[in-house]
Amino acid sequence: MSFSVGFLRRGGALLLPVLFAGVAEARVLKTPEEALALAFPGADVSKQAHYLTPEQKATLATQGLGEVPGLVFQYRIHREGTLLAFAYLDTHRVRTLPETLLVVLNPEGQVLRVEVLAFAEPPDYLPRESWYRQFAGTGHGKPPRLGENVRPVSGATLTAQATTAAVRRVLAVHRVLAP
């Protein structure tokens, strides 16, 4: 579809927001709090901000994890004083649009679950929920690797690549923060 400058001057610019509204808006599936409440009913959740030091960012940069933010939010899930899990958000680009994942780790730093919180790409590029379950049990000693311990997804290759990279990034950030 192309637009001439004359068309835009005559009021066609008013149509542009309508044409691109679906592209700019991510489909929010759950909030982090909703996802954690479903995973850990009745547990206490606290959220802590961590500003990564230049040394921590340098350590992460050497691991080829893509862009690591300077500010990381870590969720701690407790029940009756016992630490059950940690959780992190990772927002990244899949193809051209963002996806936000919640990656939940056990106290030993292994993945318990991966939840898709928001997905802006077309729904056809979103793997089934069962695909995300295969990340459970991966960790620093056994990181997720697409095509090895993580099955690829036909029709959602870029999502699979982005998700695997996000989980690896979260595992590395968790290790650097050394709770």
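How about Lys142: which aspartates and glutamates have a C-alpha closer than 13 Å to its C-alpha, ignoring those fewer than 8 places off in the same chain?
Glu108
Suppose we look only past 24 Å in the calculated P(r) of region 26-177. What percent of the Cα-Cα pairs does that tail hold?
Cα-Cα pairs of region 26-177 separated by over 24 Å account for 29 percent.
Given +1 on the Cβ of Lys and Arg, -1 on the Cβ of Asp and Glu, and no further charges, what dipole in debye does region 26-177 carry about its Cα centre, rounded to the nearest 20?
The dipole magnitude comes to about 280 debye.
Tabulate in residue order the Karplus-calculated ³J(HN,Hα) for region 43-55, using 6.51 cos²θ - 1.76 cosθ + 1.60 with θ = phi - 60°, rounded to whole Hz; enter x for Gly and Pro.
7, 8, 10, 10, 10, 10, 8, 10, 8, 5, 6, x, 5
Take the alpha-carbon centre of region 99-157, take the same for region 42-79, and report the distance between them in whole Å.
Region 99-157 and region 42-79 have Cα centres spaced 18 Å from each other.
Tell me the Rg and the Dmax, in Å, that the Cα atoms of region 95-179 produce.
Cα only, region 95-179: 12.4, 38 Å (Rg, Dmax).
When the chain is fully extended, how far beyond the present Cα-Cα distance does Leu38 get from Leu65, taking 0.36 nm per residue of separation?
Taking Leu38 through Leu65 to full extension adds about 6.8 nm, to one decimal.
Show me, for region 129-140, the HN-Hα J-couplings you get by feeding each phi into the Karplus relation (A = 6.51, B = -1.76, C = 1.60, θ = phi - 60°), rounded to Hz, glycine and proline as x.
4, 4, 5, 5, 5, 5, 6, 4, x, 6, x, 4
All of the numbers you see were taken from the coordinates with simple rules; none came from a lab. Note that the structure is a prediction, hence the values are computed from the model and not measured. Every residue, glycine among them, receives a Cβ derived from its backbone with ideal geometry; neighbour counts consider all protein chains shown.
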